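The values are calculated or read from the model by the stated rules, or taken from the named source; none is laboratory data. All figures in this text were calculated on a predicted structure; none of them were measured in a lab. Using ideal geometry, Cβ is built from the backbone for each residue, glycine included, and neighbour counts are taken over all protein chains shown. Remember, those area values only see protein heavy atoms, side chains included, never the ligands or the DNA or RNA. Shrake-Rupley method; radii C 1.70, N 1.55, O 1.52, S 1.80 Å.
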Amino acid sequence: MSAPTTHRSTVTESEARQVAEAARERDWRKPSFAKELFLGRFRLDLVHPHPLPAEESVRRGEEFLAKLRAFCETEIDSARIEREARIPDEVVAGLKELGALGMKIDPKYGGLGLTQLYYNKALALVGSASPAVGALLSAHQSIGVPQPLKMFGTQEQKDAFLPRCARTDISAFLLTEPDVGSDPARLATTAVPDGDEYVLDGVKLWTTNGVVADLLVVMARVPKSEGHPGGITAFVVEAASEGITVEHRNAFMGLRGIENGVTRFHRVRVPAAHRVGPEGAGLKIALTTLNTGRLSLPALCAGAGKWCLKIAREWSAEREQWGKPVALHEAVGAKISFIAATTFALEAVLDLSSQMADEDRNDIRIEAALAKLYGSEMAWRMADELVQIRGGRGYETAASLKARGERAVPAEQMLRDLRINRIFEGSTEIMHLLIAREAVDAHLSVAGDLIDPSKSLPDKARAGAHAGVFYAKWLPRLLAGPGQLPASYGEFRHGVDLSCHLRYVERAARRLARSTFYGMSRWQGRMETRQNFLGRIVDIGAELFAMSAACVRAERLRTRDEHGREAYQLADAFCRQARVRVEELFARLWTNTDDLDRKVVKGVLGGAYTWLEEGVVDPSGDGPWIADATPGPSTADNARRPYGD
């Protein structure tokens, strides 16, 4: 029998919602293609013509990619990293020498100053050599010390820490705790003010890079007191500080070289000058950092798709079954078509979102979240299809294949390594809710008080009048649009006709907005509990965004004479595949088993079906479901292992 879990903080649903809502970036100062899409407005002008990088950024980016490719091909031994579950110190030293730690850091601090576009291309490249190395670089730069300091740090903090992050120091981001994942309202780590310092106490879990880090970004709760507004606050902390213990290096089903651990803070003193932003701004800083930081995961996913396509092509042409290559059998060919078309679309989504981030003309918080959600789900599906195409060889390890004289293709490793991306930096389920909240923001802005049970009748009356004005203008615009005109988007007809897909996106966007409105009208304040409905709404939006990006990318490649004909073919295939998925999702908005599923879940939790569990043994070990995270001194040996030590 498992031991009971101890030391658990209790926060009501309302309190948790208030904390999350307070951390949201509420204003929309810039246009957003995805936000408009969810409102039923297909603003193709926001993404087409496809934005292009400056020539100088291309030159610098391509020069670095050439050096990085040579390094990956000669210095990174992915099989060794998988075998030893470690990234060799000499690999990290070489990355430091290349400047790979400072890809996004301004040159005045010793960094390379690459654009988001080329940073992501670099991550895709190095991630193809070793996903563990890709995770190391991504965690350091996308969510570690460099990004929050770039956006929120003081000049003194930038001068002190960015040169170190650019060339020598590894950083990590510490938010999650043993009993706190996507619910930061229950954050238990504290930072108590003491003169010109804060004293940190608490335990952090799943600290990617935490085992080897030199610098940490730590989220801790400052108690409210005189002169201190308190709240969740961000700090830059020296990892070698007295009182910090890496109690355990975690091991996972994939990413075996990742340096992820459990870190305990006991009376760790941090100078107030190392606080990033004001007290209480920590969660907002974390979420804002992730707005672009999330693009690192779809970069790794796009790279994985490219590798899956390469292996599928080479193997399926070589392997014969019943007198012809397996690729020519329809059952296998459909999988290859899916991998090729989806890889094209993932790169389209990634490049478009990255370039929009670089130009800073659009608000891309929803686009980046959609890219993370869609990329992680589709990359996992592509890797699963590759394993199926390879058959028994797909399930066999690369080491075993090599030992018996065949090419050491790590297909099963790719599947294991990619699985975490559906959980990292916001699980698929949390991403659905996060994106859905942004997608219905306009509705809540005008009608939120109507469905808020805490509001008074006069408040509801005022909200009703306001909502009436908004919907009187908005709803009629959802009835007709360019998607119903055969000549619309005619510039996307070149041999293959992509205009029909853009017309479909326009019609589907209006249909999506109507469906969202119907859902709000039907469930009102209970809408937030309809998580499956909201998830399907978001998944439809993700498919429509990917279709738009694929068409825009194909046209860009055509105008630049870069495989335009083939790009149009891939975009057409992807859009036709995506349209099938979209129609299924629309159907499942209203025809599903959600109500029945809720009844079954209550039965499961109530013990009504325990008889169904009979006839097996449970090989799980003893222990609590969630480890005790009570603050106090550590009793474990310090597992911290900085590179080079």
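Points worth noting:
- Only one of the listed residues (L95, L112, L101) is out of contact with any Cys (no Cβ under 8 Å at 6 or more places or on another chain) and open to solvent by less than 10 Å² (accessible area, probe 1.4 Å). That residue is L95.
- Test: R477 is open to solvent by less than 30 Å² (accessible area, probe 1.4 Å) and under 21 Å from F545 (Cα atoms): no
- Considering (1) within 25 Å of the chain's Cα centre (by Cα); (2) surrounded by fewer than 13 Cβ atoms within 10 Å (Cβ to Cβ); (3) of a type outside the set (F, W, Y), the lone condition that V617 does not fulfil carries the number (1).
- Picking from residues in region 175-197 that are at pLDDT 95 or above and open to solvent by less than 10 Å² (accessible area, probe 1.4 Å), the one that is farthest from L149 (Cα to Cα) is T189.
- Cβ separations smaller than 6 Å between residues 6+ apart or across chains give the following pairs from region 501-512 residues that are modelled with pLDDT of 95 or more to residues that are open to solvent by 10 Å² or more (accessible area, probe 1.4 Å) and in a helix (DSSP H, G or I): E506/P482.
- Within region 102-117, residues that are among the hydroxyl-bearing types (S, T, Y) reach partners that are assigned to a helix (DSSP H, G or I) with beta carbons closer than 7 Å, at six or more positions or on different chains, in the pairs Y109/K158; Y109/L162; Y109/P163; Y109/A166; T115/S57; T115/G61; T115/D358.
- Checking each residue in region 558-602 for being of a type in the set (D, E) and part of a helix (DSSP H, G or I) picks out E566, D572, E583, E584, D594, D595, D597.
- Here V552 clears all of (1) farther than 20 Å from E377 by Cβ; (2) without any contact (Cβ under 8 Å) to a residue 40 or more places away in the chain; (3) β-branched (V, I, T) except the condition numbered (2).
- There is at least one residue in region 607-617 that is farther than 20 Å from G483 by Cβ, of a type in the set (D, E), at pLDDT 95 or above and part of a loop (DSSP other than H, G, I, E, B).
- Unmet requirement for S128, which otherwise passes all of (1) closer than 21 Å to E242 by Cβ; (2) open to solvent by 20 Å² or more (accessible area, probe 1.4 Å); (3) among the polar types (S, T, N, Q): (1)
- Scanning region 364-388 for residues that are in contact with a Lys or Arg (Cβ under 8 Å, 6 or more places away or on another chain) and either without any contact (Cβ under 8 Å) to a residue 24 or more places away in the chain or open to solvent by 20 Å² or more (accessible area, probe 1.4 Å) (or both) yields E377, W380, E385, Q388.
Residues checked against (1) modelled with pLDDT of 95 or more; (2) hydroxyl-bearing (S, T, Y); (3) part of a helix (DSSP H, G or I); (4) in contact with a Pro (Cβ under 8 Å, 6 or more places away or on another chain):
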{"site": "E21", "(1), (2), (3), (4)": "no, no, yes, no"}
{"site": "L52", "(1), (2), (3), (4)": "no, no, no, no"}
{"site": "A66", "(1), (2), (3), (4)": "yes, no, yes, no"}
{"site": "R86", "(1), (2), (3), (4)": "yes, no, no, no"}
{"site": "V92", "(1), (2), (3), (4)": "yes, no, yes, no"}
{"site": "L117", "(1), (2), (3), (4)": "yes, no, yes, yes"}
{"site": "A122", "(1), (2), (3), (4)": "yes, no, yes, no"}
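- If the condition is being open to solvent by 30 Å² or more (accessible area, probe 1.4 Å) and hydroxyl-bearing (S, T, Y), then region 198-227 contributes only S225.
- E367 vs. criteria part of a helix (DSSP H, G or I), closer than 21 Å to R80 by Cβ, in contact with a Phe, Trp or Tyr (Cβ under 8 Å, 6 or more places away or on another chain) and of a type in the set (D, E): no
- Filter result for L450 (at pLDDT 90 or above and either open to solvent by 60 Å² or more (accessible area, probe 1.4 Å) or aliphatic (A, V, I, L, M) (or both)): no
- Any helices (runs of 4 or more DSSP H) falling wholly within region 397-511 and containing at least 3 residues that are in contact with a helix residue (DSSP H, G or I) (Cβ under 6 Å, 6 or more places away or on another chain): 411-419, 428-439, 441-451, 457-474
- The residues on offer are K306, K284, and the sole one that is modelled with pLDDT of 95 or more, basic (K, R) and either in a helix (DSSP H, G or I) or closer than 30 Å to V192 by Cα (or both) is K306.
- Condition check for E314: open to solvent by 10 Å² or more (accessible area, probe 1.4 Å), without any contact (Cβ under 8 Å) to a residue 60 or more places away in the chain and either in a loop (DSSP other than H, G, I, E, B) or under 26 Å from T154 (Cβ atoms) (or both): no
- Scope region 250-270; condition of a type outside the set (A, V, I, L, M, F, W, C) and either closer than 17 Å to A79 by Cα or crowded, with 19+ Cβ neighbours inside 10 Å (or both); matching residues: G254, R256, G257, E259, N260, G261, T263, R264
- Residue match in region 183-191 (condition: touching a residue at least 40 places away in the same chain (Cβ under 8 Å), touching a Pro at 6+ places or on another chain (Cβ under 8 Å) and farther than 22 Å from N260 by Cβ): yes
- Count of region 396-442 residues which are farther than 29 Å from A251 by Cα and open to solvent by less than 50 Å² (accessible area, probe 1.4 Å): 7
- Identity of the residue in region 621-641, of a type outside the set (D, E, K, R) and open to solvent by 80 Å² or more (accessible area, probe 1.4 Å), that ends up nearest to V203 (Cα to Cα): P633
- The requirement of being among the aliphatic types (A, V, I, L, M), over 30 Å from T292 (Cβ atoms) and touching a Lys or Arg at 6+ places or on another chain (Cβ under 6 Å) is fulfilled somewhere in region 443-453, by at least one residue.
- Counting only residues that are open to solvent by less than 10 Å² (accessible area, probe 1.4 Å), closer than 25 Å to P88 by Cβ and assigned to a helix (DSSP H, G or I), region 147-171 holds 2 of them.
Quick grid of which residues meet (1) over 23 Å from E367 (Cβ atoms); (2) open to solvent by 20 Å² or more (accessible area, probe 1.4 Å):
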{"site": "R511", "(1), (2)": "no, yes"}
{"site": "Q531", "(1), (2)": "no, yes"}
{"site": "I537", "(1), (2)": "no, no"}
{"site": "A542", "(1), (2)": "no, no"}
{"site": "E555", "(1), (2)": "no, no"}
{"site": "R565", "(1), (2)": "yes, yes"}
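- A Cβ distance below 7 Å, combined with a sequence gap of six or more or placement on separate chains, defines the contacts here; from region 526-547, residues that are within 17 Å of R41 (Cβ to Cβ) reach residues that are of a type in the set (S, T, N, Q) and assigned to a helix (DSSP H, G or I) in the pairs I537/S515; I537/T516.
- Subset of region 232-249 [in a strand (DSSP E or B) and either polar (S, T, N, Q) or surrounded by 21 or more Cβ atoms within 10 Å (Cβ to Cβ) (or both)]: I232, T233, A234, F235, V236, V237, I244, T245, V246
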